[in-house]
Structures are given as structure tokens and as C-alpha cells.
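Scroll down for the structure; my scribbles are underneath it.
The values are calculated or read from the model by the stated rules, or taken from the named source; none is laboratory data. Owing to the predicted nature of the structure, the values given are computational and were not obtained by experimental measurement. Cβ sites come from the backbone with ideal geometry, for glycine too, and all protein chains shown count toward neighbours. In case anyone asks, the SASA skips ligands and DNA or RNA and just uses the protein heavy atoms, side chains included. Shrake-Rupley method; radii C 1.70, N 1.55, O 1.52, S 1.80 Å.
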Amino acid sequence: MTRILSVNAGSSSLKISLFDVTEGVELVLTCNISNISSPPAKFAFNSDEAESVPSITDHSSAFDHFLTRCPSESSSIAFVCHRVVHGGDYTAPVVIDYQAYDRIAALSDLAPLHNGAALSVIKACIEKMPNAKSIAYFDTLFHTTIPRHISSYALDQAVASKRGLRKYGFHGLSLSQFLSRPPTSLNLIVLHLGSGASACAIRSGSSLDTSMGLTPLNGLPGATRSGSVDPSLIFHYTNKAGKITHDPGMAVNLHVTEAEDILNRKSGWKALTGTTDFGEIVRRAKVDVLPVPSEQEVEMDKYTLAFNLFVDRILDFVGAYHLKLGGAVDALVFSGGIGERSKELRQVVAARARCLGYAEVDEIKNASVGNEDGVVIDIGVSGQQKVLVCRTDEQLEMATNCALHFV
């Protein structure tokens, strides 16, 4: 029996799933390690209660801890699938050798919160599991269909081409899971909303445009990311923008400037409210499905500000992508941790999008998403354009692809 391990390294987390390959791909166990950058780290198997593990100080030690807890399981693993956020010009998953490792490492400056973490786990995996074949799956692959006039920036194209300066797009593994065999006529606006958030316009089953760009920083704000800001803002925010940061949290052999550190790790709704927990923000915010009257701005508390700001930026992309798709949109889709869990955010965004023809949200269906089975859940009442919630599993997507193409 062939076994596949799927490893998903986040900025401060590590998700691991083990699968058996028989007639299909069958889940054996899951492991979730959180708070890696804010010790003590939390370690949990399947749905068990998490335990604190002081010895976990980075992603490499987190993976080591998993192996020590599962020695019998790890010895039978033939393939290890690694989610790598930035794949540059890679157009397919790649078996990791020294050349591929170095090429991925060279892209780490473009995704400092994720690629460095993934590389440390890849290195640990190669050292600890030499008989297993490691394969990199890139978030950028799904967006290789974006037309050049959309992916290009208004810069000297000779310089941009030489340095690879263009829109790459991310969250591709999440997007590709429920589009693994899409009808060629399928047009969607997908909102992947989590601590890292993005929007994507899908035309005829392929990516037409997405909110993230050269790096995951562009577009929607996140838990610690600013999202799109005026490019000159950072030079007014700090006079040290171009200096290399000395934050020990970024000590992963990357040349990260103060500007990148501020915009990637010290912004977002954490900067606005003091918490990265969007659920807490929703609980404390004054949530209203109606547009915010301008005269109320002076009375807006920090939680309401963060919620309304996020909604506003989401609507920017919903409107723009609806226009790019010529109004021929089959569904507005919510995915990601916040997209799947926040009934309040779904309610407000969908209500504001009603003017474009999207279905009215059924309050009972919207509130009971967590109790429903299945990958796709329709939460709309009526209307030509559906409002859906789609659950995604990046580890399962990697394992399924590995079983089809590498086993």
C-alpha cells in the first residue's frame, strides 16, 4: 500500500495529513501545529485537544515532533507533498532535488511568511525521510492562465521580464480543488477569506484575474498584511523602509526590509484592533448589512472599522470582477477559514452584491453552514447568480494529484 504525506506550512502553523492510496485516496490521520511563532506551540492529532509543546520553536522542529510521535507511520511513506506558496515560473508540480530546492529558495524574498517555512520543512523531510520522494505543489500554478495585459505592471518590460516582476497570484491549491474538472463555461468570483485573503475571477474554468500580485501582500488586507496601499505610503510611515529588519521573527536567512516586515507582519486587522482573530472582531463590531453612512464614521470603534474596511475592499474586487466577466457570473463563492465560518461577513457582502443580481442569502442556511456535509453549500434563496460556500482541503488536493501523476 502506498502512503502519501501532505504538508502545508503556514506563516505560524503546520498542517499535516497522511493518506493511504488504494482505489482512491483515503485519509488516515491529520495533525495540526499552531502558534509556532508565538510559543508555546500547540500540537493536536485529528480532533483531539491541543497540547502545548515548548520544544517546538520553528517549522523544522514542528515536523520533527510529528515524526517522533508517528515513527511507525512515517517509515511507510513513499511521497511527501509540500505546499509552496510562490513557484515563480514553474508550470507544474516538481520533484524536489538540489536544483529545485535552490530555485524555490531564490523566490523566498517574494513570499517571506511562507516559502521560508516550507523550505525548512522540506529540508527536514529530506534529511529524516531519505526514502520518500518530496514533491512541491505551488499556489501560483492555477494562475498561469491570466492574460499578459492583466498580469503585467506598467513598468519597463525589459526590466520586469528580467526580474520576473509580474502578477503571479496565490491560493491556487484551494481554488483548483473544487475546479478539478470544471465545465468550460463556468464563471465564478471566488473569495478566499482567511488570515491571508484573496479574490479571484474565474472565466471558463480558468483564472482570469486575482487580487494578489507579485507577492501575497497585494489586494485584500489580512490578519497581519496591509493589502493594497499607495506604494509611497511606507516611506511616510517610517524613515527606515529600505533597511533590513532585525526582528528575530524574520531570522530565516531572508533579506526582508523594514517596509516588507511592517506591511506583511505588522499591519492588517491586528494593527487596527490588536487581535488576529477575525471571529473576535465580528463579535465586538457593530455589523450592519446596510452601507455605512458617512456621518457615522466618527463614532466607529476599532472593531467596526476593521470589519467595514474588510467588507469595502472585498466589494471593490466583487464589482471589478463582475464587470470583467461581463456580468455572466454563475456564482459568488466564499471559501477559506473566514469565508467558511463567518456568517456575518457572508451576509453583509452578499447583501451589498444583491444589486448585481446575486441571490439573497437564506439566513437559516447561512447560519447552519457548519452543520452541513459536502464540499459546496448553496446559501441563497433565489436569483440567477448563486451564493455558495465551498470547503477546500489543500492537503487532500495535493495527495489526490500525487496519486494520479506520481504513484
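Structure data summary
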item: Residue list for the range 265-285, restricted to those being among the basic types (Lys, Arg), closer than 28 Å to ASP362 by Cα and surrounded by 14 or more Cβ atoms within 10 Å (Cβ to Cβ); result: ARG284
item: Flag if GLU73 is without any contact (Cβ under 8 Å) to a residue 12 or more places away in the chain, open to solvent by 20 Å² or more (accessible area, probe 1.4 Å) and touching a strand residue (DSSP E or B) at 6+ places or on another chain (Cβ under 8 Å); result: no
item: In the range 336-373, the residues that are over 18 Å from ARG203 (Cβ atoms) and either β-branched (Val, Ile, Thr) or assigned to a strand (DSSP E or B) (or both); result: ILE338, VAL348, VAL349, VAL361, ILE364, VAL369
item: Scan of the range 348-376 for residues that are in contact (Cβ under 8 Å) with a residue 60 or more places away in the chain and either surrounded by fewer than 19 Cβ atoms within 10 Å (Cβ to Cβ) or touching a Phe, Trp or Tyr at 6+ places or on another chain (Cβ under 7 Å) (or both), ordered by number; result: ALA351, VAL375, VAL376
item: Check on VAL159, outside any loop (DSSP other than H, G, I, E, B) and out of contact with any strand residue (DSSP E or B) (no Cβ under 7 Å at 6 or more places or on another chain); result: yes
item: Pairs with Cβ under 6 Å, 6+ apart, first in the range 201-222 and at positive phi, second among the hydroxyl-bearing types (Ser, Thr, Tyr); result: SER204/THR184; GLY205/THR184; GLY219/SER198; GLY219/SER211; GLY219/SER228
item: Yes/no for CYS81 being more than 20 Å from ALA223 (Cβ to Cβ), surrounded by 14 or more Cβ atoms within 10 Å (Cβ to Cβ) and modelled with pLDDT of 95 or more; result: yes
item: Pick from the range 1-13, criterion of a type in the set (A, V, I, L, M, F, W, C) and at pLDDT below 95, ranking: surrounded by the fewest Cβ atoms within 10 Å (Cβ to Cβ); result: MET1
item: Selection count, the range 332-345, where residues are more than 10 Å from PHE278 (Cβ to Cβ), at pLDDT 95 or above and open to solvent by less than 10 Å² (accessible area, probe 1.4 Å); result: 5
item: Residue within the range 174-187 that is surrounded by 21 or more Cβ atoms within 10 Å (Cβ to Cβ), in a loop (DSSP other than H, G, I, E, B) and among the small types (Gly, Ala, Ser) present; result: no
item: Residues located in the range 17-53, provided they are of a type in the set (Val, Ile, Thr) and outside any strand (DSSP E or B); result: THR22, ILE36
item: Sole residue being more than 21 Å from SER17 (Cα to Cα), of a type outside the set (Val, Ile, Thr) and open to solvent by less than 20 Å² (accessible area, probe 1.4 Å), chosen from SER134, SER151, SER161; result: SER151
item: Candidates ILE135, ILE126 - the one that is of a type in the set (Val, Ile, Thr) and in a helix (DSSP H, G or I); result: ILE126
item: Residue that is nearest to VAL311 (Cα to Cα) [pool: residues in the range 220-231 that are of a type outside the set (D, E, K, R) and open to solvent by 50 Å² or more (accessible area, probe 1.4 Å)]; result: SER228
item: Any hit, the range 386-407, residues being in contact with a Cys (Cβ under 7 Å, 6 or more places away or on another chain), at pLDDT 95 or above and aliphatic (A, V, I, L, M); result: yes
item: Which numbered condition ILE36 fails, given (1) touching a residue at least 24 places away in the same chain (Cβ under 8 Å); (2) over 17 Å from CYS81 (Cα atoms); (3) open to solvent by 70 Å² or more (accessible area, probe 1.4 Å); result: (3)
